[in-house]
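Structure, as structure tokens:
Read-outs: derived from the displayed coordinates by stated rules, not from any lab. Because the structure is predicted, anything quoted here is derived from the model rather than measured. FYI the Cβ positions are ideal-geometry reconstructions off the backbone, even for glycines, and counts take in every protein chain you see.
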Amino acid sequence: MPASSHNRNRRSNRWVRLSLWAIPIFFVLLIITFFVIKSAIDAYLRSDGFRQFLAHKTGETLHADAEVTPLSFAGSNIFADDFRAQGGPDAAFANLDIEQIRTEVSLRRFFEKVWQVEQFDVQRVRVDFDGPRANRPPEPTASPLNAPKNEASSTGWLPNRVEIGHATIHDTELTWNGGGLRNMAVEIEPNEGGWKIVGQGGKLDYAKLPQLDVESLHLRFHAPSLYLSSAELRQPQGGTLEASGEIDFSRKVDLLLKLTNINIAPYLTDDWRLRAKGNVSGDVTVRSDLPIRGGPQLSGSLHVTQGELTALPVLEQIAKFTRTQQFLQLHLNNASGNFTRDDTRLHVSNFVAESDGLIRVEGDFTIQNGNIDGNFQVGVTPSSLQWLPGSQAKVFTESRGGYAWAPMRLTGPADKPTEDLSPRLIAAAQGAVIEGAQNAAGEVIKGGTNAAKGVLDLLLPGAK
């Protein structure tokens, strides 16, 4: 064999041997490098620098001053006792407190410069929408914890973003001026640049009204708006309330409520609770500017079933005048109306209340500063007026729909209003009796008038 060929074979064999040695050496170095990097990452995760990074990034996204308690570790799980944040002027909240946090961190997106939190598990979250705010300069709007990639730049080799795959909150408490939502379990996951939120259980409080049980809650959050896809709440008595709409935390609230057989008694004042019963159904729109100043603006159309009115002064007077005891406890076949309400004024239009074959009331009224001012048309059956001389000739002068009608004005304190129908009925009856006495005697004398008054007292018990 020529010497040159022999030399080439020797060099080739040398490179083969070197290659065979290089492969395991490469893998050994790769493993060493992995453990060195992993050790460096673990050291960073356990450092105050990482804890401060989490607080800073989360606070930056939430427009809040944030802090997190020291972290503890168990494998890929990271634990913290508490996270607190005070919202600035642009934040959706005033105060946020997250207790007993457990996160499972994955390195699968490390080279995308993302700390990927696969699971975020929290025992309790408390959010207060009212209260003092942190003094922070205005910041650009960003989606919570999922900042856009083109905004996440860093010159370092470590990830500079945090993204959450799924979050579970076992106990959620939200409070605002006059109300709150408590003891709700919540599941949260990313959705189209925002968040999908599903809640179950819990209690809803508003002002001094009775609690409502939360059956289900489906939300989408895409800053700065919270979209209420559906919510179902239930009264202990069985009525339901369904809600949908949008809360734009930078501007306004716009919600639609659908009521079905809601018992009205718990929502009435103590005085009216003894007088009125029934189940209300209908649609209510809730609108308000944010932040809320005063109360929201409410409007809608409602109707009442299984209604009952008891011991209303005007009905007591009609019962006396007509000698019909059914007016004392009036069962309503129909009661409905349209309304608008803000924090100072309630206006009801197209009001109708009817006990079929007995009485029907139509009209509008306003309640403001505790006083009512209303104009009504009262219809009663002609047979009810047989004991009221002069009533059809001078008071109930219109006939339609099987009723005789008279106007009525209702004014004064809403719990004890004054109506002008009774005085007109008394005056008409007095006039009719006096006219009858005049026709019988041929002239009006004082003794005849007194006698007529005596007859009137028999006809109208309690008239003065």
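What is the spin-label model distance, in nm, from THR411 to TYR267 if the labels are put 7 Å beyond Cα along the C-beta direction?
3.0
Counting Lys and Arg as +1 and Asp and Glu as -1, each charge on the Cβ, what is the dipole of segment 321-441 about the Cα centre in debye, to the nearest 20?
Working: 9 positive and 12 negative charges, 54 e Å.
With Lys and Arg at +1 and Asp and Glu at -1, about 260 debye.
So if we plug the beta-carbon distance of ARG275 and ASP121 into 1/(1 + (r/R0)^6) with R0 = 51 Å, what FRET efficiency do we get, rounded to 0.05?
Calculated value: 0.50.
Around GLY202, which amide H atoms from residues at least 5 apart in sequence, or from another chain, sit under 5 Å from its own amide H, with H modelled in the peptide plane?
HN-HN under 5 Å from GLY202: VAL214.
Could you work out the relative contact order of segment 77-130, using alpha carbon pairs under 8 angstrom and six or more residues apart, expressed as a whole percent?
Relative contact order, segment 77-130: 37 percent.
Given contacts defined as C-alpha pairs under 8 Å and at least six residues apart, what's the relative contact order of segment 323-375, whole-number percent? Walk me through the numbers before you get to the answer.
On the way: 86 pairs, mean separation 14.5, N = 53.
Contact order relative to length: 27 percent.
Report the local net charge at GLN377: Lys and Arg +1, Asp and Glu -1, summed over other residues whose C-beta lies under 14 Å from its C-beta.
For residues surrounding GLN377, the net value is -2.
Report the label-to-label distance for GLU398 and LYS252 in nanometres (one decimal), using points 7 Å from each Cα along the Cα→Cβ vector.
3.7
Which length gain, in nm to one decimal place, applies between THR340 and ALA311 when the Cα-Cα distance is subtracted from 0.36 nm times their residue separation?
On the way: separation 29, 0.36 × 29 = 10.44 nm, distance 2.69 nm.
That pair, THR340 and ALA311, stretches by 7.7 nm at full extension.
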